[in-house]
Amino acid sequence: MKRIFSALCLVSMLWIASPAFADTKTHKASQVSFWLPDNWTLEGEDKDQLQASDPKGQVSLLFMVSADAKDMKTAVAALDATIAKVATDVKLIAPAKKVTLNGMETAVVDATGKADGKAVELSILIIKTPSKKFLTIFGILEADQKKVHEASLRKIVESIKPMKKFGD
């Protein structure tokens, strides 16, 4: 009886804990993993570029590996064309800021602009990844929906981690 109870407890713990792993995604080309809310869609998981978005289309994140970028400066320069396709009237909020994100060298740029006639906030992260490539994450958010999505976006960014240690 004691063994059956112990087995049931173990199975129950695994069943309860399993959803915590269900929402972790990987970007294989850059060798990073990250969390996404369960109700978000993710397209292109097996490619250098993938896109994540919330169910209402108020937030979109584009993950792109820049294979030919040799440093942060060239990775930032490559973004101009992508931003021009999505937004107009783009204005930087502040100069690019260098930070460390879970052990990875990262540059962050925030801006405002317009997309489809709506005010938007843009955020760009350029991360030097374990694959020795630069992962650019381009985020666009309807400005009037910032409070709704702020906690989820913070959690996504904080969850971006290398899949293996540097130098392995």
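Subtract the Cα-Cα distance of Leu92 and Thr74 from 0.36 nm times their separation in residues, and report this length gain in nm to one decimal. Each step should come with its number before you reach the end.
On the way: separation 18, 0.36 × 18 = 6.48 nm, distance 1.80 nm.
Between Leu92 and Thr74, full extension yields an extra 4.7 nm.
Could you tell me which trypsin sites (Lys or Arg not before Pro) in segment 81-153 are loop residues by DSSP with no more than 12 other beta carbons within 10 angstrom of their beta carbon? Intermediate values should be presented prior to the final figure.
Details: sites: Lys85, Lys91, Lys97, Lys98, Lys114, Lys118, Lys128, Lys132, Lys133, Lys146, Lys147; in loops: Lys132, Lys133.
When the trypsin sites (Lys or Arg not before Pro) of segment 81-153 are filtered for loop state and at most 12 Cβ neighbours within 10 Å, Lys132 remain.
How large is the charge dipole for segment 23-162, taken about the Cα centre, if only the Cβ atoms of Lys, Arg (+1) and Asp, Glu (-1) carry charge, to the nearest 20 debye? Intermediate values should be presented prior to the final figure.
On the way: 20 positive and 19 negative charges, 86 e Å.
The dipole magnitude comes to about 420 debye.
Sort Phe134, Phe34 so the one with the fewest other Cβ atoms within 10 Å of its own Cβ comes first. Working shown, then result.
Values: Phe134 26, Phe34 21.
So the ranking, lowest neighbour count to highest, is Phe34, Phe134.
For Ile127, Ile160, which order do you get if you count the other beta carbons within 10 Å of each Cβ and list the fewest first? Before the final figure, lay out each step's value.
On the way: Ile127 25, Ile160 22.
If I rank by nearby Cβ atoms, fewest first, I get Ile160, Ile127.
Treating only the Cα positions of segment 23-162 as identical point scatterers, give the base-10 log of I(q)/I(0) from the Debye formula at each q in 0.16, 0.21 Å⁻¹.
-0.81, -1.48
Suppose R0 equals 25 Å; then what is the FRET efficiency for Gln51 and Asp23 from their Cβ-Cβ distance, rounded to the nearest 0.05?
Working: r = 17 Å, r/R0 = 0.67.
Rounded to the nearest 0.05, the efficiency is 0.90.
Want the number for Asn102 to Arg154: 0.36 nm per residue separation, take away the alpha-carbon distance, what's left? Spell out each step's value before the answer.
Working: separation 52, 0.36 × 52 = 18.72 nm, distance 1.36 nm.
Fully extending the segment from Asn102 to Arg154 adds 17.4 nm.
Arranged by the count of other C-beta atoms within 10 angstrom, fewest first, what order do Asp38, Asp23 take? Don't skip to the end; give the middle numbers.
Working: Asp38 8, Asp23 14.
Arranged by neighbour count, lowest to highest, Asp38, Asp23 become Asp38, Asp23.
By the scheme Lys and Arg +1, Asp and Glu -1, what is the net charge of all other residues having a beta-carbon under 13 Å from that of Lys97?
Counting the neighbours of Lys97, the net charge comes to -1.
Values in this text are rule-based calculations from the coordinates and carry no lab data. Just so it is clear, the model here is predicted, and its values are computed rather than measured. Ideal geometry is used to build each Cβ from the backbone, glycine not excepted, and the neighbour counts take in all protein chains shown.
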